[in-house]
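Only the coordinates and a few stated rules stand behind these numbers; no lab work does. It should be emphasised that the depicted structure is a prediction, and the values quoted were computed from it without experimental measurement. Positions of Cβ are generated from backbone atoms using ideal geometry, with glycine treated the same way; all protein chains shown enter the neighbour counts.
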Amino acid sequence: MAESAPLQGLSLIENGWFIEKNAQWPGQANALEVKEVLLHKKTKFQDLLVFASAKHGNVIVLDGVIQITERDEMSYQEMLAHLPMFSADKPTHVLIIGGGDGGVLREVVKHDTVEKVTWCEIDGDVVEAAKKYMPNVAVAVSNPKTELLVGDGVAFAESSKENSFDVIIVDSSDPVGPAEKLFSKEFYVNVHRILKPGGVVCSQGECLWLNEDLIDAMVTDYGACFASAEYASIQVPTYPSGQIGAFIARKAGTAGPASCRSPRREPPAGMPLRYYTAEMHAAAFALPAFLRKRLKAV
Ligand code: SAM
């Protein structure tokens with residue numbers, strides 16, 4: 001971005017509405033009414049906007065794309081975290097890549113089996129913004145089981161030892177800018193290498209109405225080295241087309257089915273959940289006919 005160019009986030013606010021126009025979804029745009037702009041800065045990696053909305057609480061936007069609203073964040077955070085956590089046998093070591101708002105971390109530390117969470121987020125400014133403007137989302141940032149490393153998740157996966165993690169969650173922004181390589185085959189080969197046998201990866205899997213080619217590549221091509229590779233669907237009203245997916249894959253080496261379609265445990269009584277249930281877990285794998293046909297391998 002040229003120094004003199006208007007920062008992307010503010011230029012998308014027109015007549016008091018944030019309009020999410022973007023070349024990634026041409027011809028359509030979600031819009032949220034803005035009450036107040038709370039923060040706007042260019043970080044080392046991206047354009048960061050935080051605004052208070054009229055009906056969706058505070059909203060974080062990166063490079064002009066809505067990442068999270070306080071109203072509907074639980075559907076994405078809970079599913080991205082609990083789909084793999086309840087699919088793994090006894091997750092003790094968890095790696096989170098991205099997820100700067102801290103929402104996936106909040107969900108992961110709800111599991112008593114967890115001993116250590118390594119959290120690799122490229123942009124420390126996103127974490128700081130979430131702590132200030134979304135304290136209920138970033139609530140676990142200082143959890144003593146958590147080690148926050150501010151750095152690139154691709155490089156971290158490349159340099160990590162094999163068989164290190166029971167669960168890896170890639171809470172990535174869209175495949176442009178710093179997140180582009182988090183959607184590459186090379187990255188998934190490293191993810192497979194650093195997972196323990198039977199370990200599970202769950203990654204932001206993009207929208208089935210907009211990204212069929214990418215979903216096909218993740219499930220059929222990148223997934224070829226895993227024992228199973230599947231796509232689960234999540235409803236998020238404020239994401240483009242109101243839907244986003246989770247790419248979920250298991251490394252060979254555990255007893256029981258390789259597929260992650262059925263959770264291996266029920267959520268314990270008392271775990272605070274607003275979207276995830278064992279029924280939602282299973283239902284998320286039911287896909288429309290056009291996508292099932294496209295994903296020949298599943
Ligand atoms: N699911 C949300 C969405 O699609 O709107 C993503 C939310 S989360 C805020 C995405 C995070 O990924 C951001 O905090 C961003 O800084 C981080 N990120 C992007 N590229 C990264 C990389 N290469 N390594 C680590 N974190 C990265």
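Brief remarks follow.
- For segment 57-109, the alpha carbon positions stretch 38, 19, 14 Å along the principal axes, listed from largest to smallest.
- Within the straight-line cut-off of under 28 Å between alpha carbons, the lysines reachable from Lys42 are Lys21, Lys55, Lys131, Lys132, Lys181, sequence neighbours fewer than 8 places apart in one chain being disregarded.
- Quotient of C-alpha Rg and 2.2 N^0.38 Å, computed over segment 73-294: 0.92
- Taking 20 Å as the cut-off, the amide N atoms of segment 87-113 that come nearer than this to a point 7 Å along the Cα-to-beta-carbon line of Thr43 belong to 95-108.
- Each peptide in 233-246, 89-102, 62-75 gets a packing score, the mean of other Cβ atoms within 10 Å over its residues, and the list from highest to lowest is 89-102, 62-75, 233-246.
- You can think of it this way: the chain between Val150 and Gln235 has 27.7 nm of extra reach, that is 0.36 nm per residue less the Cα-Cα gap.
- Theoretical gain in end-to-end length, Thr220 to Ser259 [0.36 nm per residue, Cα-Cα removed]: 12.6 nm
- Each Lys or Arg adds one and each Asp or Glu subtracts one; over the other residues with Cβ under 9 Å from the Cβ of Lys116, this totals -1.
- As a length-normalised measure over Cα pairs under 8 Å and 6 or more apart, the relative contact order of the chain settles at 16 percent.
- Computed packing ranks the peptides 285-291, 112-118 as 112-118, 285-291, most packed first, by mean other Cβ atoms within 10 Å.
- Straight-distance crosslink candidates among aspartates and glutamates, where the alpha carbon sits under 13 Å from Lys116 and sequence neighbours closer than 8 are dropped: Glu147, Asp166
- Between Val189 and Ala283, the distance separating the two model label sites (each 7 Å from Cα on the Cα→Cβ line) works out to 4.0 nm.
- Percent breakdown of C-alpha pair distances by 5 Å bin, ordered from the shortest bin, for segment 54-150: 2, 14, 25, 26, 18, 10, 4, 1, 0
- Expected 222 nm ellipticity per residue - DSSP helices of 4 or more, -39500 (n - 2.57), all of the chain, to 500: -6000 deg cm²/dmol
- Separation in nanometres of the label points that stand 7 Å from Cα toward Cβ, at Lys21 and Glu158: 3.7 nm
- Between the alpha-carbon centres of segment 160-238 and segment 85-109 there is a gap of 14 Å.
- Stretch gain in nm, segment Glu33-Leu273, where the contour uses 0.36 nm per residue and the Cα spacing is subtracted: 83.6 nm
- Formal net charge of residues neighbouring Gly198 (Cβ-Cβ distance under 9 Å; K, R +1; D, E -1): +1
- Summing charges over all other residues whose Cβ lies under 12 Å from the Cβ of Leu10, with Lys and Arg as +1 and Asp and Glu as -1, gives 0.
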